[in-house]
1. For the range 57-70, what does the Karplus curve 6.51 cos²θ - 1.76 cosθ + 1.60, with θ = phi - 60°, yield as ³J(HN,Hα) per residue in whole Hz, taken in order and with x for Gly and Pro?
2. Taking a ≥ b ≥ c as the square roots of the Cα gyration tensor eigenvalues, with a/c under 1.5 meaning rounded and otherwise prolate when a/b beats b/c, else oblate, which class fits the range 88-152?
3. Could you pull out the pairs from Lys37/Lys126; Lys37/Lys85; Lys96/Lys117 whose alpha carbons sit more than 30 Å apart here?
4. Roughly how many nanometres apart are two label points built 7 Å out from the Cα toward the Cβ at Tyr138 and Asp119?
5. Along the Cα→Cβ direction, 7 angstrom out, place labels at Ile63 and Lys161. What is the inter-label distance in nm?
Amino acid sequence: MKKSLLALLFAVALAVPALAENMWIGGSFGYSNSSPKDGDSTTSYYIEPEFGYSVDEKLDIGIDFGYAYGENEWSEVLEVSDKIKTFNIAPFVRYKMFEIGDFSFLAKGSIFYESSKLDDANVDVKSYGLRIVPVVTYSINETWSIGATLDFAQIAFSNSKCDDADVEVTEFGFDANNGSLIGVNFSYHF
């Protein structure tokens, strides 16, 4: 038993550096604050780490995690402040269609799950779906790259359901995005 365990640990110790050679970590983050002079303020931020593995020169697999927080201060007359917290997870597959110099053009397909909670209204919304989006990456050097998801050109299917109410929404469409046109991220390749 001890020899089997030692052999297994030795095999893992040899395999990890070989696998790490094809791995990357990266992601994106953002912050915004809007405070009009005579209006209501809005604050939001998000962080979305990404972990991936290059199966070969054309195919990557990975997973995105995300957390977003937003707060809207509505009119003093209404005395309402909405705070929304969102968590998402999305395993994905990327396929490199072609390269031009240090630029790569990929298609990224993901299956996502998202959970949002609106505090003041005590509302929970669960969403899931499929998304295909074009991605452009630029290799800065051997270890760093920058990428852009072209969200305005995505094709998406999603289903959302509110736990506290009998509300269910199904969406399918081209340009079915979350309001952003382009998402930018950085990656470190091992």
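1. 5, 9, 10, 10, 10, x, 8, 10, 10, x, 9, 9, 9, x
2. Details: a/c = 3.53, a/b = 2.44, b/c = 1.45.
Judged from the Cα gyration tensor, the range 88-152 comes out prolate (a/c at least 1.5, a/b above b/c).
3. On the way: Lys37/Lys126 35 Å; Lys37/Lys85 26 Å; Lys96/Lys117 36 Å.
Cα-Cα > 30 Å for Lys37/Lys126; Lys96/Lys117; rest within.
4. Computed distance between label sites Tyr138 and Asp119 equals 3.9 nm.
5. 2.3 nm
We did not get these values from a lab; they are worked out from the coordinates using the rules stated. Here the structure is a predicted model, which is why all the values come from computation and not from measurement. For neighbour counting, all protein chains shown are included, and Cβ atoms are generated from backbone atoms with ideal geometry for every residue, glycine included.
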